[in-house]
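The values are calculated or read from the model by the stated rules, or taken from the named source; none is laboratory data. The shown structure was predicted, so the numbers you read here are calculated from the model rather than taken from an experiment. Note that we place each Cβ from the backbone using ideal geometry, even for glycine, and neighbour counts take in every protein chain shown. When the accessible area is computed, the model is the full protein with side chains, heavy atoms only, and any ligands, DNA or RNA have been set aside. Shrake-Rupley method; radii C 1.70, N 1.55, O 1.52, S 1.80 Å.
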Protein chains: 4
Amino acid sequence: MRNPSPGRTGRPRSAAADAAILAATRDALVELGWSKLTMGDVSARAGVAKTTLYRRWAGKSELVVDAVAELFDSLELPDRGSLEADIEYVVLRFAELLRRPEARTALMAVVSESTRDEALRDRIRSAIVDRQKRLVVLGRERAQARGELPYEEDEFLASRTTDLIFDVIAGTVVHRALVSSEPVDELWVATFTALLMHGLRGPAAA
Amino acid sequence: MRNPSPGRTGRPRSAAADAAILAATRDALVELGWSKLTMGDVSARAGVAKTTLYRRWAGKSELVVDAVAELFDSLELPDRGSLEADIEYVVLRFAELLRRPEARTALMAVVSESTRDEALRDRIRSAIVDRQKRLVVLGRERAQARGELPYEEDEFLASRTTDLIFDVIAGTVVHRALVSSEPVDELWVATFTALLMHGLRGPAAA
Amino acid sequence: MRNPSPGRTGRPRSAAADAAILAATRDALVELGWSKLTMGDVSARAGVAKTTLYRRWAGKSELVVDAVAELFDSLELPDRGSLEADIEYVVLRFAELLRRPEARTALMAVVSESTRDEALRDRIRSAIVDRQKRLVVLGRERAQARGELPYEEDEFLASRTTDLIFDVIAGTVVHRALVSSEPVDELWVATFTALLMHGLRGPAAA
Amino acid sequence: MRNPSPGRTGRPRSAAADAAILAATRDALVELGWSKLTMGDVSARAGVAKTTLYRRWAGKSELVVDAVAELFDSLELPDRGSLEADIEYVVLRFAELLRRPEARTALMAVVSESTRDEALRDRIRSAIVDRQKRLVVLGRERAQARGELPYEEDEFLASRTTDLIFDVIAGTVVHRALVSSEPVDELWVATFTALLMHGLRGPAAA
DNA sequence: GCATAAACGAGACGGTACGTCCAGTCTTGTC
DNA sequence: GACAAGACTGGACGTACCGTCTCGTTTATGC
């Protein structure tokens, strides 16, 4: 994952170790939360020496970003028949993910760390943000194919709209779930989706 | 805020200490960020003993919530003449606040901690969330007075809409600024506001 | 004990407090030992404020010296009929006293503290050492009256001998009981007394 | 001393650290005395982390016992030609040792602590008491070889006498020096030795 | 009998050290 | 050369006491 073929001599890195470490990290996050998770504990759970851990990740933040990125990759967007249904589906799945303790505790923590760490910011962007934008792009393409949304020819404008919708959806759900500490239930999702649909169909934003 | 007059005996708590500690906390957040901020360092900056600090706050999280809550209280919403202008104004002010390092680093960190701490969650809600909802309520009332938005008679529905708008605005801006790490500039604000205006004027959500 | 009538106006010091504090000190020594005894704990046990304590004693060492001095004052030397019997009696009584936890733990501790504190050294000497030498002087006078020991006319020599005998008896018993951690039983006392008797009857030392 | 070879894996403990710590402990005792000596200070002087210290010794008392035990091991008993001369010599050397501030302050302090700590009592006995009894045994053997003292065939009796003489000599000197706070000068030593010689030559005690 | 003034209880204060925990590095011997 | 083991330095943790301080309250006198 990190250096797959650096040199050739010496004992090669154990591939199994990577998976064990990331799984152990998620387990530890569930049990202990971000702030009480320690590198020593993770290495012990993974049956690996601390040095092995540090050889592969620079610190707790980097390790956790990789560990939770795998969680976010599990999100998918099957075709529910309409843009509205697609949005409701993805919001509910995302809210479900945020109910998992390892995601709740880790996401905001690494974002906080990243405010003072450029490299970490990049890592979050490439490992989580950019990978999840695929869902917005996919939903948009389907809606366009269905005729629910117009095609946008200007690629730059299209990308800006994708970014906006991504931030609106992800940001609102995260804020509702973690900051306001209110439940993301079906009723709320319906109201939110309605607001978003009207916003998207307004002439300027689509 | 903490108990100013529980009994009557003994030396009273120094009022000056509270202010010094909160200011020192913000200074330390700027210089060190959340994860490197230590209680010992804060007490030293404030010219106060560590015990004094622990006598008043249970830990770093509680202290930081109170310290940043004062920052958020500085947000205001002067009448800009239209709902659209009001929204753009508050979004820009909020984004400005999130550019301050003490707010950036602290906000997500305490939210992360709060995922495993019910009391902290309540403290964030009462010290930050509930206090800032006043801006949404104020903007809405003004818009209703101007005839830009209809009156909602059902109080429960009105409160649910307030909550939704609050989460959409705050959540989207935070996500754009801290997770996606993209600038909240005037162009983006205009696009976001346009989307929101259409959403609000749609029949169901208003 | 300390200044009972320095000036005239103002509330006089509570006499009861002194006794309560010394008793509380001994209780705390029994339960906690020297090193875990704290001024705050003593004040709480005595039902007295910490300030009251510090108004009367400079610190833990001074307080404890006074508290244990009262214990040592309880030692007495009834006439057992012979010098040998008198010595055996006082050694056994002294060993008994050293079996009490408050005496065991406190005596060596204050002596240790006194090695770097001239004032404390004086306090120990006047409150404990000099007061207990009375037992040696008394035993010696009785032995001389019985004709077991010769009279010593030179007062200086007599005082030096008193000091020596005091150090031999007290030192040996303390060392046996506290350093070597061996029991001071009747058999050992008999052997020690025999050695001492021969020493005293030797031509030079008497 | 501590466990040099329990398992085999991992980085071995630094041998140099032990010596540095014990030396630093003695230095700190000289400068600060027992009660102001802190583990943190010792670790800083030894150029060692506090954790390293706690990994090897359970606390201040254990550490100090080991540190002063090395001092006591420096006592020796060259043949001065007669029992009397040997006794005078060892008493003077011992008194000299007790004039060193690190020995004065530490010896009584650890004895005081040991009154509530069985393990510490054992450590003192094995590291200091038992090791110094060799001097008494040696002096006795020489005196017997010279014909100054009779041979004792009963081993148990011999050991009891050794213990008694050890307590008399060590206890008297310690008491004179630390409790009575009087000088151990040549005149006093001569008088004490005379008393002891008569005691030893008396029929019952030898 | 009423002011004066010291002693009192309560408990907050600035400090210091505690003993523990974790970070991240280094040093072994083994694979 | 990667690895498990575990000792290493360094530093923050949160707690416990220290001895001092600042309150409001109590209790003797002496005017």
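Table for the structure above
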{"quantity": "Which numbered condition D:LEU92 misses (of (1) assigned to a helix (DSSP H, G or I); (2) under 29 Å from D:THR38 (Cβ atoms))", "calculated": "(2)"}
{"quantity": "Elements of type helices (runs of 4 or more DSSP H) contained in the stretch D:1-81, each with 3 or more residues being within 24 Å of D:ILE124 (Cβ to Cβ) and touching a Leu at 6+ places or on another chain (Cβ under 8 Å)", "calculated": "D:15-32, D:39-46, D:60-72"}
{"quantity": "Lone qualifier among B:ARG80, B:ARG100, B:ARG121 - being within 18 Å of B:THR172 (Cα to Cα) and assigned by TED's automatic domain parsing to the domain that holds B:HIS175", "calculated": "B:ARG100"}
{"quantity": "Subset of the stretch D:95-107 (residues that are basic (Lys, Arg) and surrounded by fewer than 18 Cβ atoms within 10 Å (Cβ to Cβ))", "calculated": "D:ARG99, D:ARG100"}
{"quantity": "Where D:VAL30 falls short, out of the listed (1) assigned by TED's automatic domain parsing to the domain that holds D:MET197; (2) open to solvent by 40 Å² or more (accessible area, probe 1.4 Å)", "calculated": "(1)"}
{"quantity": "Filter result for B:ARG56 (within 14 Å of chain A (Cβ to nearest Cβ) and at pLDDT 95 or above)", "calculated": "no"}
{"quantity": "Complete set of residues in the stretch B:99-123 that are more than 7 Å from chain A (Cβ to nearest Cβ) and within 25 Å of A:GLU31 (Cα to Cα)", "calculated": "B:ALA106, B:LEU107, B:VAL110, B:SER114, B:ASP117, B:GLU118, B:ALA119, B:LEU120, B:ASP122, B:ARG123"}
{"quantity": "Residue list for the stretch A:135-183, restricted to those being more than 10 Å from chain B (Cβ to nearest Cβ), surrounded by 14 or more Cβ atoms within 10 Å (Cβ to Cβ), within 22 Å of the chain's Cα centre (by Cα) and not small (Gly, Ala, Ser)", "calculated": "A:LEU135, A:VAL136, A:VAL137, A:LEU138, A:ARG140, A:ARG142, A:THR162"}
{"quantity": "Single unsatisfied condition, C:ARG45 versus (1) in the same structural domain as C:VAL173 (by TED's automatic domain parsing); (2) open to solvent by 30 Å² or more (accessible area, probe 1.4 Å)", "calculated": "(1)"}
{"quantity": "Residue identified as within 14 Å of chain A (Cβ to nearest Cβ), touching a residue at least 60 places away in the same chain (Cβ under 8 Å) and within 16 Å of DNA strand F (Cβ to nearest atom) among B:VAL65, B:VAL91", "calculated": "B:VAL65"}
{"quantity": "Positions within the stretch B:78-88 being closer than 15 Å to B:ARG140 by Cβ and either touching a strand residue (DSSP E or B) at 6+ places or on another chain (Cβ under 6 Å) or surrounded by 19 or more Cβ atoms within 10 Å (Cβ to Cβ) (or both), in sequence order", "calculated": "B:LEU83, B:ASP86, B:ILE87"}
{"quantity": "Per-region count, the stretch B:184-196, residues open to solvent by less than 20 Å² (accessible area, probe 1.4 Å) and either touching a Gly at 6+ places or on another chain (Cβ under 6 Å) or at the interface with chain A (Cβ under 7 Å from one of its Cβ atoms) (or both)", "calculated": "4"}
{"quantity": "Of the criteria (1) open to solvent by less than 30 Å² (accessible area, probe 1.4 Å); (2) of a type in the set (A, V, I, L, M); (3) closer than 24 Å to A:ASP185 by Cβ, which one A:LEU92 fails", "calculated": "(1)"}
{"quantity": "Residues of the stretch C:1-18 classified as more than 12 Å from DNA strand F (Cβ to nearest atom) and either at pLDDT 95 or above or buried (at least 16 other Cβ atoms within 10 Å of the Cβ) (or both), total", "calculated": "1"}
{"quantity": "Among the candidates A:LEU75, A:LEU37, A:LEU63, A:LEU53, residue that is within 11 Å of DNA strand E (Cβ to nearest atom), open to solvent by less than 30 Å² (accessible area, probe 1.4 Å) and under 19 Å from the mean Cα position of the chain (by Cα)", "calculated": "A:LEU63"}
{"quantity": "Filter result for the condition that a residue is in contact (Cβ under 8 Å) with a residue 12 or more places away in the chain and more than 12 Å from DNA strand F (Cβ to nearest atom), over A:ALA23, A:ALA85", "calculated": "A:ALA23"}
{"quantity": "Every residue from the stretch B:103-118 that is of a type in the set (Gly, Ala, Ser), over 20 Å from B:ILE169 (Cβ atoms) and within 14 Å of the chain's Cα centre (by Cα)", "calculated": "B:ALA109"}
{"quantity": "Count of residues meeting criterion [over 22 Å from the mean Cα position of the chain (by Cα) and either within 11 Å of another protein chain (Cβ to nearest Cβ) or more than 13 Å from DNA strand E (Cβ to nearest atom) (or both)] in the stretch A:12-34", "calculated": "3"}
